[in-house]
Each structure stands twice: as C-alpha cells, then as structure tokens.
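Student: Dumping the structure here so I can ask a few things about it.
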Amino acid sequence: MATLVLGSGCTKGEKGTDVSPSDAHANHDQHDQHGQHGQHDHGHHGHGHNDELNEHGYKGHTFDDPRAWIERFESPERAAWQRPDEVVAGLALARDAKIADLGAGTGYFSVRFAAAAPQGRVFAVDIEPKMVEWLSQRAADEGHANLEGVLGEANDPKLPEAVDVAFMCNVFHHLAEPQAYFQSVATQLRPGARVVIVDFRKDAPEHAPGPPQSMRMSPEQITEHMQAAGFRLARKDLELLEYQYLLEFVVTD
Ligand SMILES: C[S@@+](CC[C@H](N)C(=O)[O-])C[C@H]1O[C@@H](n2cnc3c(N)ncnc32)[C@H](O)[C@@H]1O
C-alpha cells in the first residue's frame, strides 16, 4: 500500500506510526473486518450493540476517526481474506463505468474501482464527514481524478449522478433501515445497473474477522430487505471469499 499523505500533515503507511493499536477505536475493534480475533465488544462506550443505533445513526462502532481505522482496513492480513483485487476483477467493470462505493470508509475498494474504470467515475460515499474528507484527500494524494468523496445520509447516498454499479462491502449490517436506504439507491441507478453487496457470513468460525455473530446477516435476510426495496437477486457467490458472501441484485422488472 502506498504511503498516504494527508492534508493534516500526517504521513501514514501500512504500519504508520501515528496509527497506534491503542488508538481510541482500534483497541475495541477486534472484529468487523478490522480485527482477526473476535472480542465482540460492540457495547464499548455504551453504544453499538446489535440493533442499537450509535449517536451517528447506524449500528455498531462509530467510524468518525479515519486514523483509528486505516491500519485495520488496509492491512495485509485483511487483504488475505478480503481479496479486494479478485472482488473487483470479478465485477468485470466497464472502463467508463460509474460506480458508487456505499460506506466507503477509508477507500479500500474505491481506489481500486477508480483504477479499474479510468474513464468512469467513482463516488465514495460515507455518512461520516471525516471519512469523506479523508476520501477526497486520498483521491488527490494518489492521483485518482475520477474519484470523489460524497457525504451521504443514513437513508440516502446523495449520489451526484446515477451509477451503473452500487457496491457495499461490510456496511449492510450497520444500516438502520436497509429497505429505506435501498429504495433511495434504486432511484439513483442507471438502466441495467447492479447492486453488489459483500458481507460477513453468519456461520463463520468464532475466530473469524467480522462483527459479533448476533449482528451478522444471512444472504436470505439481505435478500428479503432487498426484495422489499424493489430488487431481485441475480447472483450469489458463496465461494469467492473465506468469511463473506457476495450478492448481486438488479431492479425488479
Ligand atoms: C466497516 S466500514 C466499511 C468500509 C469499507 N466499505 C471497507 O470495506 O473497507 C463501514 C463504513 O460504513 C459507513 N456507514 C455506516 N452507515 C452508513 C450509511 N447509512 N451510509 C453511508 N455510510 C455508512 C461507516 O461510516 C464506515 O465508514
């Protein structure tokens, strides 16, 4: 991973010294995609347990400090099971595709989409203003002119343009109202668009990365929400990733 220089003057690499494991959030996140060995402490700081919404309007941890998350989101350990390049290659994106990375975090997938669709546009959406700031700065620092940070709302990604692919990795289980969210997404898609959802399996082993089991959703649960929002399941891949599934939806005819 290339070193990332932020406007704040901090310099971060894969093992950036200013991203200490004792950072406020890093310490209590031994799960989600960020940790390897579950401590399952979503109740830390009194928020985030299962269906409980945190003060930012979504379930689970808050993601308001990019520096606390970068090391985990972008770690080589994650790459081993997240297989981001294989996930992106499997989408066979057109070079001019317009893509929304919904709940983009630090831009783990967004930068890969930007490289895969050099004549297209990538909207890296997050609900956390500091993540969006980070995403915009990262796009500038890494020279992705086709990548734009977008501040979304809890039930509306607020895309500047309709997209061909709306992608969401490890975010669905955080959504407060998935049906309302995807009803809104449905109005921001181009004809023939796909919605791709990657999330953690419910039956992954206890030591696996990801949220506590009670927060995980099965492909069937996700499909139910998506159907209610006006989508049908077009593809289900249970093989590509060790701990996650990949689901592809299209708007119901
Ligand atoms: C676990 S991180 C996943 C980041 C990224 N997709 C990845 O795979 O590295 C979840 C992200 O979703 C964001 N988020 C939560 N609810 C959201 C919503 N309703 N709309 C947009 N982003 C949201 C959080 O702020 C956080 O950055």
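Student: If each residue's Cβ is checked for other Cβ atoms within 10 Å, how do Lys98, Lys130 rank with the fewest at the top?
Tutor: Details: Lys98 24, Lys130 13.
Result, fewest neighbours first: Lys130, Lys98.
Student: Let me ask another. I want to make sure I understand the PRE zone here: with the label point 7 angstrom from the Cα of Asp85 toward its beta carbon, which residues in region 229-253 have backbone N atoms less than 17 Å away?
Tutor: 241
Student: Is there a pair in Lys130/Lys202; Lys130/Lys236; Lys202/Lys236; Lys59/Lys98; Lys158/Lys202; Lys98/Lys202 whose C-alpha atoms are over 25 Å apart, and which pairs would that be?
Tutor: As for pairs spanning more than 25 Å Cα to Cα, those are Lys130/Lys202; Lys130/Lys236; Lys59/Lys98; Lys158/Lys202; Lys98/Lys202.
Student: Along the Cα→Cβ direction, 7 angstrom out, place labels at Leu53 and Ala228. What is the inter-label distance in nm?
Tutor: In this crude spin-label approximation the distance works out to 1.5 nm.
Student: Neighbour counts of other C-beta atoms within 10 Å: give me Leu241, Leu93 arranged from fewest to most.
Tutor: On the way: Leu241 17, Leu93 21.
With the sparsest Cβ surroundings first, the list reads Leu241, Leu93.
Student: Taking the Cβ of Ala116 as the center, what net charge do the other residues with Cβ under 13 Å away carry, scoring Lys and Arg +1 and Asp and Glu -1? Numbers along the way, then the final one.
Tutor: Details: positive: Arg95, Lys98, Arg112, Arg121; negative: Asp85, Glu86, Asp96, Asp101, Asp164.
Value of the local net charge: -1.
Student: Then there is this: Out of the GluC sites (Glu not before Pro) in region 179-244, which ones are loop residues according to DSSP with at most 11 other C-beta atoms within 10 Å?
Tutor: Glu206, Glu239
Coordinate-derived values only; no laboratory data. Just so we're clear, the structure is a prediction, and the values are computed from it rather than from any experiment. FYI the Cβ positions are ideal-geometry reconstructions off the backbone, even for glycines, and counts take in every protein chain you see.
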